[in-house]
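One structure is given below, encoded as structure tokens.
Please treat every number below as a calculation from the coordinates, not as lab data. Owing to the predicted nature of the structure, the values given are computational and were not obtained by experimental measurement. Note that we place each Cβ from the backbone using ideal geometry, even for glycine, and neighbour counts take in every protein chain shown.
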Amino acid sequence: MRLLADSLRARITILVIGFCVLIAAIFTLAVHFAHSAYNDELRQQQGLQFTRNVAWMYPELGKLEHIRREQIETRFEQMLLLEPSSALYLIDNQGRVRVGYSKQRSIGGSSHVALAPIRQLLDNPGGKIVYGSDPDFPGMKCLFAATPIYDGKVQSGYLYMLMRPPETNPGQLLASSYANRTALLVAFGASILSALFVLVVMAQITRPLRRLASAADQVRAAGIEDIPDPASFPHQDRRDEIGHLSRAFRDMVQRLHEQVQRVRRMDATRRDWVASISHDLRTPLTSLTGHLETVILRGERLDKAERERFLQVALKNAQHLDRLSASLFDFARLDSDAMRLEKVPTHLGELIDDIAQRFAPAAETRGVHIDSSYPDVLPLAEVDAALIERAIANLMENALRYTPTGGTICLTAQPRDGGIALILTDTGAGIAAADIARVFERFFQGSQQREGRGHAGLGLAIVKRVAELHQGHVRVSNRTEGGACFTLWLPLNEAE
């Protein structure tokens with residue numbers, strides 16, 4: 001029984017069969033009540049005709065003041081030989097029972113009949129079924145028929161006929177009715193056919209579900225690393241809900257597999273990055289510590305030039321550590337969900353001029369020329385000026401690092417595609433083909449960067465994050481004439 005209850009097919013089948021049985025029972029009861037109502041309506045119409053005929057055949061019934069009680073009761077008894085459950089009464093215009101016959105009598109009977117139902121029936125004899133009071137059983141409503149009786153031309157009362165239900169068990173009455181038996185047989189047959197139909201339909205519905213469940217079990221048994229071929233999942237070509245479920249299951253498994261692989265790649269990248277950061281931190285720290293220890297240990301034995309050289313090297317390493325820690329802090333801040341931009345109307349042309357002037361001394365020291373340009377009319381942009389400045393500065397530092405002596409770095413701003421493109425080009429060696437697709441990845445260091453010293457590979461990742469925060473993007477390509485080209489595109493929200 002537990003296995004049966006655990007089966008979706010069995011539960012739905014039982015539920016639908018139960019529903020069919022309920023509908024069959026309701027149908028049977030409806031037929032029974034409709035049949036009973038029809039019988040009552042027919043009996044009432046027949047009773048009306050019967051009382052009219054009796055009143056016409058026996059006009060002396062209207063002489064209520066001169067009737068012979070025993071004679072009338074005997075005559076009524078003879079009339080009701082074939083209807084032992086019925087009763088006949090003569091009542092006056094006030095509803096008092098003057099004489100009557102009833103085989104079923106109650107000790108607490110009444111001598112009065114309500115006249116309102118009688119008038120309702122006689123006013124609309126072809127209308128709905130009317131039930132009247134029973135003088136032998138006060139408070140009980142019963143099917144009746146009535147007709148006026150006259151003493152000459154004056155109405156003296158009514159001939160009142162009660163048609164009580166037969167003294168038969170309701171179950172026997174239900175079983176003895178042909179209409180009820182037919183309704184029961186039809187309902188039973190419909191239930192059987194419905195059950196068979198439900199079994200067939202549920203088999204068609206649950207069979208593909210069982211196949212999908214089997215595929216899910218295979219995935220669970222194999223693990224996310226060794227999933228079956230998603231193309232082998234059943235019913236993918238169906239256009240109904242089963243097909244939609246199969247395709248959704250396939251896509252879910254594929255996405256889970258891709259996410260697991262991505263997490264593993266990120267974990268491997270993080271481990272490499274931690275190792276690289278450890279190396280990048282250890283190298284300047286070792287140099288800084290070594291030079292400071294030399295200054296302390298040798299003290300007065302160092303001449304002024306040597307002391308200054310050692311201190312300059314220590315200062316350079318300390319400055320590098322400061323830049324490295326600042327990059328780590330900036331990247332963590334930009335990657336936080338709590339990061340909020342402070343946008344202000346900014347002239348990006350003037351911004352790149354400021355950055356070019358700031359890097360001019362360092363470029364001159366390296367023998368590199370920096371050129372900046374922008375059109376005379378450049379709309380203001382709603383941006384976080386500090387972040388955009390940091391992003392351009394990172395691109396400039398990257399370009400200075402790989403542009404040889406005598407090279408040129410060009411920084412331009414120009415409208416493009418409904419926004420503003422900040423373009424930086426250099427005349428360096430460009431980016432290795434193996435690195436160009438991953439150059440903006442966080443924690444990634446290209447082959448050329450690994451040859452250098454003290455660079456954690458966060459500068460370009462920060463540029464990409466700044467672009468994303470502004471709903472923009474950054475692209476990189478190698479120039480045919482040599483060098484790299486970085487394009488930072490920002491959507492244009494013109495200031496009012």
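Side notes on the structure shown:
- Ranking of THR289, THR412, THR403, THR51 by count of other Cβ atoms within 10 Å, fewest first: THR289, THR412, THR51, THR403
- Prolate/oblate/rounded label for the range 6-76 (Cα gyration tensor, a/c 1.5): prolate
- Between amide H atoms placed 1.01 Å from N, distances below 5 Å from PHE144 occur with GLY132, MET163, all of them 5 or more places distant or on a separate chain.
- Unit charges on C-beta of K, R, D, E only; dipole of the range 340-491, Debye: 600
- Per-residue Cβ neighbour rank within 10 angstrom, fewest leading, ARG358, ARG390, ARG75: ARG358, ARG75, ARG390
- Taken one residue at a time, the phi angles of the range 113-124 give Karplus couplings (6.51, -1.76, 1.60, θ = phi - 60°) of 10, 5, 8, 4, x, 5, 5, 4, 5, 6, 6, 9 Hz. Gly and Pro are set to x.
- Ranked TRP489, TRP56, criterion: other C-beta atoms within 10 Å, fewest first: TRP56, TRP489
- For the range 66-139, alpha-carbon Rg relative to the globular expectation (2.2 N^0.38 Å, N residues): 1.16
- Amide H contacts of VAL368 (H built 1.01 Å from N, under 5 Å, at least 5 apart or other chain): GLY406
- Spacing of the modelled spin labels on VAL21 and LEU315, each 7 Å from Cα toward Cβ, amounts to 9.7 nm.
- Considering every alpha-carbon pair of the range 340-491, the percent of pairs per 5 Å bin, from zero through the bin containing the longest distance, is 2, 10, 19, 23, 21, 15, 7, 2, 0.
- The range 30-106, dipole about Cα centre (Lys/Arg Cβ +1, Asp/Glu Cβ -1), debye to the nearest 20: 160
- Each residue of the range 197-209 is assigned a 3J(HN,Hα), and the resulting list reads 4, 5, 4, 5, 5, 5, 5, 5, 7, 7, 4, x, 5 Hz, derived from the Karplus form 6.51 cos²θ - 1.76 cosθ + 1.60 (θ = phi - 60°), x at Gly and Pro.
- For the range 299-304, backbone phi angles converted through the Karplus equation (6.51, -1.76, 1.60; θ = phi - 60°) give residue-by-residue couplings of x, 5, 6, 7, 6, 4 Hz, Gly and Pro being listed as x.
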